[in-house]
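The values are calculated or read from the model by the stated rules, or taken from the named source; none is laboratory data. Being a predicted model, the structure only gives us computed values, none of them experimental. Neighbour counts are summed over all protein chains in view; Cβ atoms, including those assigned to glycine, are modelled from backbone coordinates with ideal geometry.
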Amino acid sequence: MALDHIRRFWQRWRTSPTAINISKVYVGDVISKILAAGTALILIRGMTKSDYALYVPFVSIAALSSSLIGNGINNALVRFSADHLSRTGEKPYTLYLLSLIVELAIFLVLLICVYFFPTQIAQMVLGNPKFSDFLMISLAFGLGSLLFSIGQSILQAEEKFTFYIRTLWIKQGLTFLLVGALWITQTLLFQYVAWFLALLQIIVGISTATYGILGIMKVDWKKRLERERHLAHQFLSASGWLIGYFAALAAFSMMDVMMLSRFASAEALADYGVAFKYYSMALLLLGSINAVLRPKFSHVEMQEKNRQRQFLAEWLRYSVWLGIPVTLFILFGKGLFIFINGVQYEKSFPIIAILSVGVWISLMLSPLNNILMSRKRFRFLFLLGLSAFIVNVLASYVGVRLWGGIGAAIAIVLAHNVVLQFPILWRVLK
């Protein structure tokens, strides 16, 4: 009986382009995660706890600046471009160039504001003016991440998943080599890590964005602009709410570090940062899955609701079993976690245990956002994202003041899954 089930699963996998693409991206992403885990381990074991407590908000500011500006536009670009490609067979180079110009212009405004008001912004965002010392370096890191995201969004839209994976390998491989070199030379100090990682991120970001828009160089822009001048208006009118939704999610992702930097000690921030490092690596896996699902659900043939529900049922049937390794990790993984990260981060384990439940639920429900986006329910998504953001602010404020990092983890799982994902599930199945 079990053998027949395995045989049917294997046959479905072999005949499903989506399953093959997800597997390709997943396997490539696993290799990328191994490199990322190696980098994280060197940083956790090699840096002092006080330096790691600075590294956590440094990375968080970089991620916030790039995702707040780029996530909405780039995810909307993937959906809209994939839809345009499936209907016309033409690459929307006008949108590629417009997205790049708009994102860089907004980021330039942010850089100017931080340059003139670093102390005020550090106080407003992180609740501590001492973080102003590294704000500009963090934004340089964020600029590289933004450029990298633009290049990858174009590769997703065109479903060039082989090149998509290669860019991940290059980025994670070079980061691992750089951090490893600092560790070997005994210079794994926060200031060196921040400067070198920011420089590396900019180089990789420029290279990836250039590779993504390479075809622009060969375009006859006079004819292209005449033919595609309506696309920009269509893109904005169709994606305004969607951009707002992803912007809300970007702000949502920063609440934990903001509250911890305000109301918790540096040691608690470092403990949370270790758990969150592994959590963010797991979330990157969801990003790789969405890299395949987002253009898939933008195709014309996937607009039928029955096909969407059938796909969701199949996805839930298999992904629910991932709850077994998550449960085993929560019950028996503490010893291994302490062995890998050191006894000084023992308090991080309850945090990563809570966050791992959130990753499992998010993985099971990962097709939902893409299904609603394919139905163009952008206003509903935005309102949900805004509601999740408000709940996360309140829950993080209360949770951090009562339980520190554990409270921040509970707030994330509560807001992201209960407030955001379950209403989407109800809407899809309605």
| message | Conditions first: (1) touching a residue at least 60 places away in the same chain (Cβ under 8 Å); (2) closer than 30 Å to Q156 by Cα; (3) assigned to a helix (DSSP H, G or I). W360 passes all but one, so which condition is the exception? | response | (1)
| Among the helices (runs of 4 or more DSSP H) confined wholly to the stretch 28-137, which include 3 or more residues that are within 27 Å of L231 (Cα to Cα) and touching a Phe, Trp or Tyr at 6+ places or on another chain (Cβ under 7 Å)? | 49-88
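One line per residue, one yes/no per condition, for (1) of a type outside the set (A, V, I, L, M); (2) surrounded by 19 or more Cβ atoms within 10 Å (Cβ to Cβ); (3) free of Cβ contacts under 8 Å to residues at least 12 places away in the same chain; (4) outside any helix (DSSP H, G or I):
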| residue | (1), (2), (3), (4) |
| --- | --- |
| L372 | no, yes, no, no |
| G385 | yes, yes, no, no |
| F389 | yes, yes, no, no |
| Y397 | yes, no, no, no |
| A408 | no, yes, no, no |
| query | Any idea which residue in the stretch 155-192 is surrounded by the most Cβ atoms within 10 Å (Cβ to Cβ), counting only those that are touching a residue at least 12 places away in the same chain (Cβ under 8 Å) and among the β-branched types (V, I, T)? | reply | V179
| note | Across the stretch 99-125, the tally of residues that are closer than 16 Å to S67 by Cα and among the aromatic types (F, W, Y) stands at 1
| message | Yes or no: the stretch 203-222 includes at least one residue that is more than 22 Å from I73 (Cβ to Cβ), of a type in the set (A, V, I, L, M), modelled with pLDDT of 95 or more and assigned to a helix (DSSP H, G or I). | response | yes
| note | Of the candidates V292, V274, V320, the one satisfying the condition of being modelled with pLDDT of 85 or more and crowded, with 17+ Cβ neighbours inside 10 Å is V274
| If we keep just the residues of the stretch 83-106 that are aliphatic (A, V, I, L, M) and crowded, with 21+ Cβ neighbours inside 10 Å, which is farthest from F297 (Cα to Cα)? | L100
| With respect to S145, is the statement that it is within 30 Å of F263 (Cα to Cα) and touching a Gly at 6+ places or on another chain (Cβ under 8 Å) true? | yes
